[in-house]
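A short reminder: the numbers here are calculations on the coordinates, not readings from a lab. Only a predicted model underlies this, so the values are computations on that prediction, with no experimental measurement involved. Counting neighbours? That spans all protein chains shown, and the Cβs are built from the backbone with ideal geometry, glycine included.
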Amino acid sequence: MSTLVQFWNYVSANPDTILTAIREHVVYLVAMPVGLAILVAVPLGVLCTRNRWLASLLLGTAGVMQTVPSLALLSFLVMAGLGIGFKPAIIAIFLYAILPIIRNTYTGILSVDPSIKKAARGMGMTDLQVLVMVELPMAMPMILAGVRTATTVSIGSGTLAAFVGAGGLGGLIVTGLRMLRDHIVLAGALPAALLAIIVDALLGRLEKVLTPRGLRQGK
C-alpha cells in the first residue's frame, strides 16, 4: 500500500485527531506567540526610531536570539523551570517572532519622507498624532511584511515544539517518526505546509487592504 493511500486512510479514520492538532497549532503555536510579539514589537520598533542606542541594543539582542537553534532554546526554557507543554513553546516562538516585526517597524517608520512629517507638524499635529496618523499608516506595508515573516516562520518552528510536549501538528510528525510511519508524518507535515501557504496568502491580502491607496503602487 502506497504512502498516499495510507495517509488518506489515516486522515479519514482520524479526523478529530487532525483537527485537534491543527487547532492547537494555530491557537497556541501561532496566534498567541505572534499576537504577543506584535503587541510588544511594534511599540519597541517605534521606540527604536526615537533612540538609536536603544535600536542598536534591541535589534542586536533580537538578532542574536535568532541564531539560537529552536531545539536548544526550547530545551533551555524547559530546564529553566517552565516545564514541558505549551508554555515554553509559546515563549520560544514569541522570541523568534520579535525580530522581524521590530526590524520592519523600525525600518518602515524611518523610511517615511521627512518632508511629509514636517508638513504634518506644520499643520499643528503633535508628535503622537504624526505617529498615529502619518508614520504608522505609511509604514504599514513594511510592518505587515514583518508580521507575515514572523507568522510563517512560527508555523514551521511550531512543529519542533512537539519535542517538549506542546502537541500541534508537530505531535503527529514526532509520532510518525517514532513509529516509522511515513503516512503519519505526512498527516502532520502536509497540513503545516498548507497552513503556511494559506496564512501567508491571507496576510498578503490584508497587507493590500491596509496599505494606504497612494502607497499601493499597482498592488
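Observations on the model:
- Backbone N atoms of region 113-157 closer than 20 Å to the 7 Å Cα→Cβ label point of Leu202 belong to residues 141, 143-157.
- For Lys208, the aspartates and glutamates whose Cα comes closer than 15 Å to its Cα, not counting residues fewer than 8 places off in the same chain, are Asp200.
- For region 106-219, the alpha-carbon coordinates run over 68, 31, 16 Å along the three principal axes, in decreasing order.
- Converting phi to 3J(HN,Hα) with the Karplus coefficients 6.51, -1.76 and 1.60 and the offset θ = phi - 60°, region 174-187 yields 5, 4, x, 5, 5, 8, 6, 10, 4, 5, 6, 4, 5, 5 Hz in sequence order, with x at every glycine or proline.
- The modelled label-to-label distance between Gln66 and Arg50, using points 7 Å beyond Cα along the C-beta direction, is 2.5 nm.
- Note that the chain shows a convex hull volume over its alpha carbon atoms of 136 Å³ per residue.
- Potential lengthening of the chain between Arg23 and Asp113 amounts to 28.2 nm, from the contour at 0.36 nm per residue minus the alpha-carbon distance.
- Note: relative contact order over the chain, using C-alpha pairs below 8 Å and six or more positions apart, is 27 percent.
- q = 0.14, 0.18, 0.33 Å⁻¹: log10 I(q)/I(0) that the Debye formula gives for region 104-148, counting C-alpha atoms only: -0.31, -0.48, -1.13
- Only Lys, Arg (+1) and Asp, Glu (-1) charged, at Cβ; region 35-164 dipole about Cα centre in debye: 140
- Phi angles of region 36-51 translate, via the Karplus equation with coefficients 6.51, -1.76, 1.60 and θ = phi - 60°, into HN-Hα couplings of 5, 5, 5, 4, 8, 6, 5, x, 5, x, 5, 4, 4, 6, 9, 9 Hz per residue; Gly and Pro are given as x.
- Exposure proxy ranking, count of Cβ atoms within 10 Å, fewest first, for Trp8, Trp53: Trp53, Trp8
- Where labels lie 7 Å past Cα in the beta-carbon direction, separation of Ile84 and Leu36 in nm: 2.0
- nm² value of the averaged projected area, convex hull over the Cα atoms of region 28-124: 7.5
- Derived scalar couplings ³J(HN,Hα) [region 139-150; Karplus, 6.51 cos²θ - 1.76 cosθ + 1.60; whole Hz; x for Gly, Pro]: 8, 4, x, 5, 5, 5, 5, x, 5, 4, 4, 4
- Least to most buried among Met125, Met79 (fewest other Cβ within 10 Å first): Met79, Met125
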